[in-house]
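One structure is given below, encoded as C-alpha coordinates.
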Amino acid sequence: MAKKIRYEDRNPEPMLTPQERVKTFREYAHGFSVSLALDEASRCLFCKDAEQRCIKGCPIGVDVPGFIKKIVEGDLIGAYKRIVESDPFPSICGRICPQERQCEGACILYYDTVRGKRNKGLPVSIGALEKFVGDFVRISGVRVEIERNRPTGKRVAVVGAGPAGLSCAYDLSRFGHEVHVYEALPKPGGVMSYGIPTARLDRSLIDWEVKRLQELGVKFFFGYVIGRTVSLRELLREYDAVFLGVGAGRGSLGIKGDNLKGVYSAIEVLMRVGLMNANSFPQSGTPINLGKRTAIIGGGFTAVDCAITALRLGVETHVVYRRTRDTSSARQEEWDHIEEEGAIIHWLTQPVEVLGDEQGQVIGLKCIRMELGEPDESGRPKPIPVKGSEHVIECDSVIFAIGQKANPIAYEDLPELELTRWGTVMVDESFQTSVMGLFAGGDAVNGGDTVVRALSEGRRAASFIHKYLMKEVES
Ligand SMILES: Cc1cc2nc3c(=O)[nH]c(=O)nc-3n(C[C@H](O)[C@H](O)[C@H](O)COP(=O)(O)OP(=O)(O)OC[C@H]3O[C@@H](n4cnc5c(N)ncnc54)[C@H](O)[C@@H]3O)c2cc1C
Ligand code: SF4
(Lines give C-alpha, C1' and ligand atoms only; values in the text may rest on other atoms or scores of the structure.)
(Ligands and ions follow the chains in the order given, each with its own letter.)
Protein backbone atom coordinates (compact mmCIF):
# COMPACT_ATOMS: atom_id res chain seq x y z
CA MET A 1 0.00 0.00 0.00
CA ALA A 2 1.32 3.48 -0.88
CA LYS A 3 2.56 5.51 2.08
CA LYS A 4 0.06 8.17 3.18
CA ILE A 5 1.63 11.58 2.73
CA ARG A 6 1.43 13.57 5.95
CA TYR A 7 1.59 17.08 4.57
CA GLU A 8 0.33 19.09 7.50
CA ASP A 9 0.96 17.36 10.81
CA ARG A 10 4.52 18.51 11.47
CA ASN A 11 5.45 18.00 15.12
CA PRO A 12 6.34 21.29 16.82
CA GLU A 13 9.42 21.21 19.04
CA PRO A 14 8.37 21.45 22.72
CA MET A 15 9.43 24.73 24.29
CA LEU A 16 8.86 27.04 27.25
CA THR A 17 5.98 29.52 27.11
CA PRO A 18 6.91 33.14 26.27
CA GLN A 19 6.29 34.12 29.93
CA GLU A 20 8.71 31.43 31.11
CA ARG A 21 11.23 32.18 28.36
CA VAL A 22 11.85 35.82 29.28
CA LYS A 23 12.78 34.80 32.81
CA THR A 24 15.69 32.58 31.85
CA PHE A 25 18.91 32.56 29.88
CA ARG A 26 18.64 28.75 29.69
CA GLU A 27 17.70 27.10 26.39
CA TYR A 28 13.98 27.43 25.75
CA ALA A 29 13.52 24.78 23.04
CA HIS A 30 13.59 21.35 24.68
CA GLY A 31 13.98 19.10 21.65
CA PHE A 32 12.05 16.04 20.55
CA SER A 33 11.34 13.08 22.80
CA VAL A 34 12.01 9.65 21.25
CA SER A 35 8.35 9.19 20.31
CA LEU A 36 8.07 12.65 18.72
CA ALA A 37 11.31 12.10 16.79
CA LEU A 38 10.13 8.73 15.49
CA ASP A 39 6.79 10.20 14.47
CA GLU A 40 8.39 13.19 12.74
CA ALA A 41 10.96 10.97 11.00
CA SER A 42 8.13 8.84 9.62
CA ARG A 43 6.80 11.89 7.71
CA CYS A 44 9.85 11.76 5.41
CA LEU A 45 9.15 10.33 1.94
CA PHE A 46 12.81 9.30 1.43
CA CYS A 47 12.76 10.95 -1.97
CA LYS A 48 14.95 9.24 -4.56
CA ASP A 49 15.90 12.66 -5.92
CA ALA A 50 16.69 14.16 -2.49
CA GLU A 51 20.01 15.36 -3.99
CA GLN A 52 17.88 17.92 -5.85
CA ARG A 53 15.84 18.77 -2.77
CA CYS A 54 16.73 18.77 0.95
CA ILE A 55 20.35 17.64 0.43
CA LYS A 56 20.94 20.41 -2.09
CA GLY A 57 19.32 22.87 0.32
CA CYS A 58 21.83 22.01 3.04
CA PRO A 59 25.00 24.12 2.64
CA ILE A 60 27.13 21.26 3.97
CA GLY A 61 25.28 18.51 2.04
CA VAL A 62 23.99 16.31 4.89
CA ASP A 63 22.39 13.08 3.61
CA VAL A 64 19.00 14.01 5.06
CA PRO A 65 16.90 10.97 4.03
CA GLY A 66 19.87 8.73 4.91
CA PHE A 67 20.01 9.86 8.53
CA ILE A 68 16.23 10.07 8.91
CA LYS A 69 15.92 6.47 7.67
CA LYS A 70 18.33 5.40 10.42
CA ILE A 71 16.11 7.11 13.02
CA VAL A 72 13.08 5.22 11.70
CA GLU A 73 15.08 1.98 11.97
CA GLY A 74 15.96 2.86 15.58
CA ASP A 75 19.70 3.12 14.78
CA LEU A 76 20.57 6.50 16.31
CA ILE A 77 24.32 5.89 16.27
CA GLY A 78 24.01 5.09 12.56
CA ALA A 79 22.03 8.32 12.10
CA TYR A 80 24.76 10.26 13.90
CA LYS A 81 27.51 8.70 11.80
CA ARG A 82 25.58 9.54 8.64
CA ILE A 83 25.28 13.22 9.66
CA VAL A 84 28.90 13.69 10.75
CA GLU A 85 30.12 12.44 7.38
CA SER A 86 29.19 15.99 6.30
CA ASP A 87 28.41 18.08 9.37
CA PRO A 88 30.77 17.64 12.32
CA PHE A 89 28.45 19.39 14.82
CA PRO A 90 24.83 18.11 14.52
CA SER A 91 23.66 19.36 17.95
CA ILE A 92 24.81 22.88 17.08
CA CYS A 93 23.50 23.06 13.52
CA GLY A 94 20.22 21.45 14.55
CA ARG A 95 19.73 24.40 16.91
CA ILE A 96 20.92 27.45 15.01
CA CYS A 97 20.79 26.87 11.24
CA PRO A 98 18.10 28.88 9.43
CA GLN A 99 16.62 25.61 8.10
CA GLU A 100 13.55 27.25 6.56
CA ARG A 101 15.91 28.82 3.99
CA GLN A 102 18.03 25.68 3.66
CA CYS A 103 17.10 21.96 3.87
CA GLU A 104 13.54 22.49 5.11
CA GLY A 105 12.86 25.18 2.52
CA ALA A 106 13.69 22.54 -0.11
CA CYS A 107 11.66 19.66 1.41
CA ILE A 108 9.12 18.35 -1.10
CA LEU A 109 6.28 18.47 1.42
CA TYR A 110 6.68 22.24 1.45
CA TYR A 111 8.28 23.21 -1.85
CA ASP A 112 8.83 21.22 -5.04
CA THR A 113 12.30 22.41 -6.06
CA VAL A 114 12.26 20.28 -9.23
CA ARG A 115 9.04 21.83 -10.59
CA GLY A 116 9.66 25.16 -8.87
CA LYS A 117 6.31 25.43 -7.09
CA ARG A 118 4.95 25.63 -3.55
CA ASN A 119 3.49 22.38 -2.26
CA LYS A 120 0.62 22.18 0.17
CA GLY A 121 2.36 20.99 3.34
CA LEU A 122 4.89 21.78 6.03
CA PRO A 123 8.46 20.49 5.70
CA VAL A 124 9.87 17.60 7.70
CA SER A 125 11.40 19.09 10.84
CA ILE A 126 14.94 18.25 9.71
CA GLY A 127 16.70 20.64 12.11
CA ALA A 128 14.95 19.29 15.20
CA LEU A 129 15.71 15.70 14.09
CA GLU A 130 19.38 16.55 13.61
CA LYS A 131 19.45 18.12 17.07
CA PHE A 132 17.73 15.02 18.51
CA VAL A 133 20.37 12.70 17.05
CA GLY A 134 23.30 14.91 18.13
CA ASP A 135 21.88 15.29 21.64
CA PHE A 136 21.24 11.56 21.94
CA VAL A 137 24.90 10.74 21.32
CA ARG A 138 26.14 13.56 23.55
CA ILE A 139 23.85 12.83 26.49
CA SER A 140 23.97 9.03 26.28
CA GLY A 141 27.76 9.05 26.65
CA VAL A 142 28.13 6.55 23.78
CA ARG A 143 31.58 6.99 22.26
CA VAL A 144 31.56 7.22 18.50
CA GLU A 145 35.13 6.64 17.38
CA ILE A 146 36.50 9.02 14.77
CA GLU A 147 39.03 7.45 12.45
CA ARG A 148 42.39 9.19 12.20
CA ASN A 149 45.10 8.60 9.59
CA ARG A 150 48.65 7.81 10.62
CA PRO A 151 50.66 10.95 11.59
CA THR A 152 52.02 12.71 8.52
CA GLY A 153 54.65 14.74 10.37
CA LYS A 154 53.09 17.96 9.02
CA ARG A 155 52.09 20.82 11.33
CA VAL A 156 49.25 23.26 10.69
CA ALA A 157 48.28 26.40 12.65
CA VAL A 158 44.62 27.41 12.68
CA VAL A 159 43.91 31.03 13.62
CA GLY A 160 40.49 31.46 15.25
CA ALA A 161 38.40 28.87 17.10
CA GLY A 162 35.07 29.78 15.48
CA PRO A 163 33.13 27.25 13.40
CA ALA A 164 35.45 27.67 10.38
CA GLY A 165 38.60 27.09 12.44
CA LEU A 166 37.09 24.22 14.44
CA SER A 167 35.84 22.28 11.41
CA CYS A 168 39.14 22.84 9.61
CA ALA A 169 41.06 21.60 12.67
CA TYR A 170 38.75 18.57 12.93
CA ASP A 171 39.45 17.37 9.40
CA LEU A 172 43.16 18.26 9.40
CA SER A 173 43.60 16.20 12.53
CA ARG A 174 41.68 13.26 11.02
CA PHE A 175 44.01 13.46 8.01
CA GLY A 176 46.92 12.85 10.41
CA HIS A 177 48.39 16.35 10.72
CA GLU A 178 49.44 18.00 13.97
CA VAL A 179 47.04 20.92 14.53
CA HIS A 180 47.45 23.92 16.82
CA VAL A 181 44.52 26.35 17.18
CA TYR A 182 45.32 29.93 18.24
CA GLU A 183 42.37 31.87 19.67
CA ALA A 184 42.33 35.48 20.91
CA LEU A 185 39.57 34.92 23.46
CA PRO A 186 39.73 32.71 26.55
CA LYS A 187 37.13 30.31 25.10
CA PRO A 188 36.54 28.50 21.80
CA GLY A 189 33.45 28.77 19.58
CA GLY A 190 33.75 32.24 18.01
CA VAL A 191 30.34 33.89 17.56
CA MET A 192 28.67 30.68 18.78
CA SER A 193 30.30 31.31 22.12
CA TYR A 194 30.32 35.09 22.53
CA GLY A 195 27.45 36.16 20.24
CA ILE A 196 24.56 33.71 20.16
CA PRO A 197 22.67 33.85 23.49
CA THR A 198 22.72 30.79 25.75
CA ALA A 199 18.91 30.77 25.42
CA ARG A 200 19.44 29.50 21.85
CA LEU A 201 22.68 27.57 22.26
CA ASP A 202 23.88 26.11 25.53
CA ARG A 203 27.65 26.52 25.88
CA SER A 204 28.11 22.95 27.13
CA LEU A 205 27.56 21.80 23.54
CA ILE A 206 30.55 23.78 22.32
CA ASP A 207 32.67 22.43 25.19
CA TRP A 208 31.64 18.88 24.27
CA GLU A 209 32.59 19.33 20.61
CA VAL A 210 35.91 20.94 21.55
CA LYS A 211 36.67 18.01 23.86
CA ARG A 212 36.16 15.66 20.90
CA LEU A 213 38.67 17.71 18.94
CA GLN A 214 41.14 17.58 21.82
CA GLU A 215 40.70 13.80 21.96
CA LEU A 216 41.62 13.76 18.29
CA GLY A 217 44.87 15.48 19.24
CA VAL A 218 44.06 19.12 18.37
CA LYS A 219 45.85 21.54 20.75
CA PHE A 220 44.29 24.89 21.71
CA PHE A 221 46.15 28.06 22.71
CA PHE A 222 43.80 30.68 24.17
CA GLY A 223 44.56 34.37 24.66
CA TYR A 224 46.76 34.46 21.54
CA VAL A 225 45.89 37.48 19.41
CA ILE A 226 47.63 36.75 16.14
CA GLY A 227 49.05 40.01 14.82
CA ARG A 228 49.74 41.12 18.42
CA THR A 229 50.93 38.22 20.62
CA VAL A 230 52.55 36.44 17.65
CA SER A 231 52.65 37.59 14.03
CA LEU A 232 51.12 35.68 11.15
CA ARG A 233 54.53 35.74 9.47
CA GLU A 234 56.01 33.85 12.43
CA LEU A 235 53.27 31.23 12.19
CA LEU A 236 53.92 30.85 8.47
CA ARG A 237 57.61 30.28 9.23
CA GLU A 238 56.94 27.78 11.99
CA TYR A 239 54.17 25.68 10.42
CA ASP A 240 53.79 23.86 7.11
CA ALA A 241 50.46 25.64 6.48
CA VAL A 242 48.20 28.15 8.23
CA PHE A 243 44.40 28.47 8.10
CA LEU A 244 42.90 31.88 8.82
CA GLY A 245 39.40 31.70 10.33
CA VAL A 246 39.25 35.03 12.15
CA GLY A 247 35.63 35.90 11.30
CA ALA A 248 34.31 39.37 10.50
CA GLY A 249 34.20 42.60 12.51
CA ARG A 250 30.96 44.51 13.05
CA GLY A 251 29.95 47.82 11.50
CA SER A 252 28.25 51.03 12.62
CA LEU A 253 25.71 53.27 10.91
CA GLY A 254 27.76 56.42 11.37
CA ILE A 255 24.71 58.52 12.30
CA LYS A 256 24.67 61.62 14.49
CA GLY A 257 24.77 60.80 18.20
CA ASP A 258 26.31 57.35 17.81
CA ASN A 259 28.96 58.19 20.43
CA LEU A 260 26.50 59.17 23.19
CA LYS A 261 26.43 57.44 26.59
CA GLY A 262 24.14 54.44 26.29
CA VAL A 263 25.12 53.57 22.70
CA TYR A 264 26.46 50.01 22.45
CA SER A 265 27.68 47.74 19.72
CA ALA A 266 25.78 44.45 19.58
CA ILE A 267 28.91 42.44 20.20
CA GLU A 268 29.68 44.41 23.37
CA VAL A 269 26.22 43.63 24.77
CA LEU A 270 26.28 39.98 23.69
CA MET A 271 29.82 39.44 24.96
CA ARG A 272 29.13 41.07 28.31
CA VAL A 273 26.19 38.76 28.85
CA GLY A 274 27.19 35.62 26.93
CA LEU A 275 30.86 35.52 27.89
CA MET A 276 31.09 37.55 31.10
CA ASN A 277 27.67 36.81 32.67
CA ALA A 278 26.68 40.47 33.06
CA ASN A 279 23.13 39.21 33.68
CA SER A 280 24.26 38.04 37.13
CA PHE A 281 26.05 41.28 38.08
CA PRO A 282 27.28 42.03 40.81
CA GLN A 283 28.22 38.35 41.38
CA SER A 284 29.88 38.29 37.95
CA GLY A 285 31.77 41.61 38.23
CA THR A 286 30.67 42.73 34.73
CA PRO A 287 27.79 45.22 34.60
CA ILE A 288 25.44 46.06 31.74
CA ASN A 289 23.04 48.99 31.82
CA LEU A 290 20.51 49.28 29.02
CA GLY A 291 18.13 51.40 31.13
CA LYS A 292 14.37 50.80 31.00
CA ARG A 293 14.02 50.88 27.20
CA THR A 294 16.41 49.97 24.45
CA ALA A 295 16.27 50.39 20.67
CA ILE A 296 18.14 47.78 18.64
CA ILE A 297 19.08 48.76 15.10
CA GLY A 298 19.26 45.91 12.58
CA GLY A 299 17.30 43.04 11.11
CA GLY A 300 19.54 39.96 11.12
CA PHE A 301 20.65 37.25 13.56
CA THR A 302 22.54 39.81 15.63
CA ALA A 303 19.53 42.07 16.14
CA VAL A 304 17.34 39.14 17.18
CA ASP A 305 19.99 37.91 19.61
CA CYS A 306 20.28 41.37 21.16
CA ALA A 307 16.49 41.39 21.57
CA ILE A 308 16.53 37.94 23.23
CA THR A 309 19.18 39.27 25.61
CA ALA A 310 17.51 42.62 26.37
CA LEU A 311 14.13 40.96 27.01
CA ARG A 312 15.75 38.62 29.54
CA LEU A 313 17.36 41.59 31.25
CA GLY A 314 13.83 42.95 31.78
CA VAL A 315 14.24 45.86 29.33
CA GLU A 316 11.45 47.18 27.06
CA THR A 317 12.81 46.17 23.69
CA HIS A 318 12.34 47.90 20.33
CA VAL A 319 13.87 46.53 17.13
CA VAL A 320 14.24 49.01 14.28
CA TYR A 321 14.79 47.64 10.76
CA ARG A 322 14.65 49.56 7.50
CA ARG A 323 13.39 46.62 5.46
CA THR A 324 10.66 44.00 5.95
CA ARG A 325 10.56 40.71 7.83
CA ASP A 326 10.70 38.53 4.71
CA THR A 327 14.00 40.12 3.64
CA SER A 328 15.61 39.58 7.04
CA SER A 329 18.41 37.00 7.34
CA ALA A 330 17.27 35.88 10.81
CA ARG A 331 15.07 32.83 11.28
CA GLN A 332 11.36 33.52 10.91
CA GLU A 333 10.50 31.52 14.04
CA GLU A 334 12.87 33.69 16.05
CA TRP A 335 11.01 36.82 15.02
CA ASP A 336 7.84 35.02 16.23
CA HIS A 337 9.55 34.14 19.50
CA ILE A 338 10.74 37.65 20.36
CA GLU A 339 7.37 39.13 19.40
CA GLU A 340 5.64 36.63 21.70
CA GLU A 341 8.09 37.66 24.42
CA GLY A 342 7.09 41.32 24.06
CA ALA A 343 9.56 42.90 21.62
CA ILE A 344 8.15 45.83 19.65
CA ILE A 345 9.34 45.58 16.07
CA HIS A 346 9.42 48.63 13.80
CA TRP A 347 9.62 47.34 10.22
CA LEU A 348 10.42 49.73 7.37
CA THR A 349 11.95 52.22 9.79
CA GLN A 350 15.31 53.92 9.28
CA PRO A 351 17.16 55.49 12.23
CA VAL A 352 18.55 58.93 11.39
CA GLU A 353 19.90 60.22 14.70
CA VAL A 354 20.51 59.13 18.29
CA LEU A 355 19.17 61.86 20.57
CA GLY A 356 20.83 62.78 23.87
CA ASP A 357 20.28 65.09 26.85
CA GLU A 358 22.70 67.77 28.16
CA GLN A 359 24.73 65.08 29.96
CA GLY A 360 25.23 63.24 26.70
CA GLN A 361 22.97 60.36 27.75
CA VAL A 362 20.71 58.70 25.15
CA ILE A 363 17.05 59.73 25.40
CA GLY A 364 15.68 58.58 22.06
CA LEU A 365 16.17 57.40 18.51
CA LYS A 366 14.94 59.64 15.72
CA CYS A 367 13.66 57.59 12.79
CA ILE A 368 11.94 57.98 9.45
CA ARG A 369 9.46 55.54 7.92
CA MET A 370 10.36 53.82 4.66
CA GLU A 371 8.42 52.36 1.75
CA LEU A 372 9.60 49.76 -0.73
CA GLY A 373 10.76 50.88 -4.17
CA GLU A 374 12.47 49.18 -7.14
CA PRO A 375 14.98 46.35 -6.43
CA ASP A 376 18.50 47.54 -5.49
CA GLU A 377 21.85 45.86 -6.28
CA SER A 378 21.06 43.09 -3.72
CA GLY A 379 17.91 42.24 -5.70
CA ARG A 380 15.69 43.28 -2.79
CA PRO A 381 13.19 46.17 -3.09
CA LYS A 382 14.99 49.34 -2.09
CA PRO A 383 13.57 51.11 0.99
CA ILE A 384 12.82 54.78 0.25
CA PRO A 385 12.16 57.40 2.98
CA VAL A 386 8.57 58.64 3.32
CA LYS A 387 8.63 62.44 3.45
CA GLY A 388 7.40 63.96 6.72
CA SER A 389 7.32 60.63 8.59
CA GLU A 390 10.08 61.46 11.10
CA HIS A 391 9.31 60.29 14.64
CA VAL A 392 11.14 59.50 17.88
CA ILE A 393 11.31 56.17 19.71
CA GLU A 394 12.00 57.04 23.34
CA CYS A 395 14.77 54.90 24.80
CA ASP A 396 17.68 54.94 27.28
CA SER A 397 20.09 52.95 25.15
CA VAL A 398 20.70 52.12 21.51
CA ILE A 399 22.35 48.94 20.26
CA PHE A 400 23.91 48.84 16.79
CA ALA A 401 23.36 45.36 15.41
CA ILE A 402 24.14 46.06 11.80
CA GLY A 403 26.62 45.36 9.07
CA GLN A 404 29.80 43.37 8.90
CA LYS A 405 33.27 44.62 8.23
CA ALA A 406 36.67 43.03 7.98
CA ASN A 407 38.65 42.01 11.08
CA PRO A 408 42.23 42.64 9.90
CA ILE A 409 44.30 42.44 13.15
CA ALA A 410 45.74 39.04 12.27
CA TYR A 411 46.95 40.03 8.80
CA GLU A 412 47.67 43.76 9.08
CA ASP A 413 51.41 43.14 8.89
CA LEU A 414 51.21 40.99 5.76
CA PRO A 415 50.92 43.51 2.89
CA GLU A 416 51.39 40.77 0.27
CA LEU A 417 48.03 39.25 1.33
CA GLU A 418 45.46 40.29 -1.28
CA LEU A 419 42.13 41.57 0.01
CA THR A 420 38.81 42.25 -1.72
CA ARG A 421 37.51 45.80 -1.97
CA TRP A 422 35.42 45.08 1.15
CA GLY A 423 38.60 44.20 3.06
CA THR A 424 37.82 40.47 3.25
CA VAL A 425 40.56 37.95 2.51
CA MET A 426 40.75 36.95 -1.15
CA VAL A 427 41.01 33.21 -1.84
CA ASP A 428 40.88 30.99 -4.93
CA GLU A 429 38.56 27.98 -5.31
CA SER A 430 40.88 25.93 -3.08
CA PHE A 431 40.73 28.53 -0.27
CA GLN A 432 44.39 29.40 -0.91
CA THR A 433 45.24 33.08 -0.38
CA SER A 434 47.82 35.06 -2.34
CA VAL A 435 50.42 33.99 0.27
CA MET A 436 51.92 30.52 -0.21
CA GLY A 437 50.78 28.11 2.50
CA LEU A 438 48.14 30.50 3.87
CA PHE A 439 44.51 29.40 3.49
CA ALA A 440 41.34 31.12 4.74
CA GLY A 441 37.60 30.53 5.10
CA GLY A 442 34.42 31.45 6.98
CA ASP A 443 33.28 35.02 7.63
CA ALA A 444 36.84 36.36 7.07
CA VAL A 445 36.36 35.39 3.42
CA ASN A 446 32.61 35.46 2.77
CA GLY A 447 32.10 38.69 4.75
CA GLY A 448 29.57 37.19 7.17
CA ASP A 449 27.05 34.43 6.59
CA THR A 450 26.06 31.39 8.64
CA VAL A 451 27.66 28.87 10.99
CA VAL A 452 27.02 26.02 8.57
CA ARG A 453 28.69 27.89 5.70
CA ALA A 454 31.72 28.57 7.90
CA LEU A 455 31.80 24.86 8.86
CA SER A 456 31.58 23.85 5.23
CA GLU A 457 34.35 26.24 4.15
CA GLY A 458 36.59 25.09 7.03
CA ARG A 459 36.18 21.47 5.95
CA ARG A 460 36.70 22.14 2.26
CA ALA A 461 39.78 24.24 3.05
CA ALA A 462 41.12 21.35 5.18
CA SER A 463 40.93 18.96 2.24
CA PHE A 464 42.85 21.42 0.02
CA ILE A 465 45.43 22.02 2.77
CA HIS A 466 45.81 18.24 3.02
CA LYS A 467 46.41 17.98 -0.73
CA TYR A 468 48.90 20.85 -0.56
CA LEU A 469 50.82 19.21 2.29
CA MET A 470 50.79 15.71 0.81
CA LYS A 471 52.08 16.98 -2.54
CA GLU A 472 55.13 18.16 -0.61
CA VAL A 473 55.42 14.75 1.05
CA GLU A 474 55.15 12.91 -2.29
CA SER A 475 57.52 15.17 -4.26
C1 LIG B 1 25.15 37.77 17.14
C2 LIG B 1 25.23 36.82 16.00
C3 LIG B 1 24.31 35.79 15.92
C4 LIG B 1 24.37 34.86 14.88
N5 LIG B 1 23.44 33.85 14.83
C6 LIG B 1 23.56 32.90 13.88
C7 LIG B 1 22.64 31.80 13.84
O8 LIG B 1 21.72 31.70 14.64
N9 LIG B 1 22.82 30.86 12.88
C10 LIG B 1 23.83 30.94 11.97
O11 LIG B 1 23.96 30.03 11.15
N12 LIG B 1 24.68 31.99 11.96
C13 LIG B 1 24.58 32.96 12.89
N14 LIG B 1 25.45 34.03 12.88
C15 LIG B 1 26.53 34.05 11.90
C16 LIG B 1 27.64 33.06 12.33
O17 LIG B 1 27.82 33.11 13.72
C18 LIG B 1 28.95 33.33 11.61
O19 LIG B 1 28.71 33.30 10.21
C20 LIG B 1 30.00 32.28 11.99
O21 LIG B 1 30.23 32.25 13.38
C22 LIG B 1 31.31 32.54 11.25
O23 LIG B 1 32.27 31.64 11.70
P24 LIG B 1 33.85 31.98 11.61
O25 LIG B 1 34.54 30.81 12.22
O26 LIG B 1 34.18 32.38 10.24
O27 LIG B 1 34.04 33.28 12.50
P28 LIG B 1 33.76 33.58 14.06
O29 LIG B 1 32.64 32.78 14.58
O30 LIG B 1 33.67 35.05 14.13
O31 LIG B 1 35.09 33.08 14.78
C32 LIG B 1 36.32 33.73 14.56
C33 LIG B 1 37.23 33.47 15.75
O34 LIG B 1 38.51 34.02 15.47
C35 LIG B 1 39.00 34.68 16.62
N36 LIG B 1 39.95 35.70 16.20
C37 LIG B 1 39.70 36.85 15.51
N38 LIG B 1 40.84 37.54 15.30
C39 LIG B 1 41.83 36.79 15.86
C40 LIG B 1 43.24 36.98 15.98
N41 LIG B 1 43.85 38.06 15.47
N42 LIG B 1 43.97 36.02 16.63
C43 LIG B 1 43.36 34.91 17.15
N44 LIG B 1 42.03 34.70 17.07
C45 LIG B 1 41.28 35.62 16.43
C46 LIG B 1 37.75 35.26 17.25
O47 LIG B 1 37.95 35.56 18.62
C48 LIG B 1 36.75 34.14 17.03
O49 LIG B 1 36.76 33.21 18.10
C50 LIG B 1 25.38 34.99 13.89
C51 LIG B 1 26.29 36.05 13.95
C52 LIG B 1 26.22 36.97 14.99
C53 LIG B 1 27.21 38.08 15.05
S1 SF4 C 1 12.72 16.35 0.52
FE2 SF4 C 1 11.63 16.15 2.53
S3 SF4 C 1 10.45 14.27 2.28
FE4 SF4 C 1 12.00 14.21 0.65
S5 SF4 C 1 13.79 13.13 1.53
FE6 SF4 C 1 14.11 15.30 1.96
S7 SF4 C 1 13.24 15.59 4.02
FE8 SF4 C 1 12.40 13.64 3.26
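Matching residues to (1) outside any helix (DSSP H, G or I); (2) not assigned by TED's automatic domain parsing to the domain that holds Leu232:
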position	(1), (2)
Arg150	yes, yes
Gly165	no, no
Ala169	no, no
Ser173	no, no
Pro197	yes, no
Tell me yes or no: at least one residue of the range 80-87 is touching a Leu at 6+ places or on another chain (Cβ under 6 Å) and either at pLDDT 95 or above or surrounded by fewer than 22 Cβ atoms within 10 Å (Cβ to Cβ) (or both).
no
Taking the range 338-362 and keeping only residues that are open to solvent by less than 60 Å² (accessible area, probe 1.4 Å), touching a helix residue (DSSP H, G or I) at 6+ places or on another chain (Cβ under 7 Å) and not in a strand (DSSP E or B), one is left with Ile338, Glu341, Gly342, Ala343
Going by what's in this entry, would Tyr111 be described as within 26 Å of the chain's Cα centre (by Cα) and open to solvent by 50 Å² or more (accessible area, probe 1.4 Å)?
yes
Looking at the range 255-277 only, could you name the residues that are within 17 Å of the chain's Cα centre (by Cα) and in a strand (DSSP E or B)?
none
Residue, surrounded by the most Cβ atoms within 10 Å (Cβ to Cβ), within the range 303-326, restricted to residues that are at pLDDT below 95 and in a loop (DSSP other than H, G, I, E, B):
Arg322
Name every residue in the range 83-109 that is more than 14 Å from ligand 1 (Cβ to nearest atom), in contact with a helix residue (DSSP H, G or I) (Cβ under 7 Å, 6 or more places away or on another chain) and part of a loop (DSSP other than H, G, I, E, B), in order of residue number.
Cys107
Sole residue being in contact with a Cys (Cβ under 6 Å, 6 or more places away or on another chain), open to solvent by less than 10 Å² (accessible area, probe 1.4 Å) and not charged (D, E, K, R), chosen from Val133, Val124:
Val124
Could you say which residue among Gly165, Gly189 is in contact (Cβ under 8 Å) with a residue 24 or more places away in the chain, on the phi > 0 side of the Ramachandran plot, open to solvent by less than 10 Å² (accessible area, probe 1.4 Å) and not charged (D, E, K, R)?
Gly189
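The values are calculated or read from the model by the stated rules, or taken from the named source; none is laboratory data. Please read all numbers here as calculations on a predicted model, not as lab measurements. Backbone-built Cβ (ideal geometry, glycine too); neighbour counts: all protein chains shown. Each accessible area value is taken on the protein alone, full model and side chains, heavy atoms only, with ligands, DNA and RNA left out. Shrake-Rupley method; radii C 1.70, N 1.55, O 1.52, S 1.80 Å.
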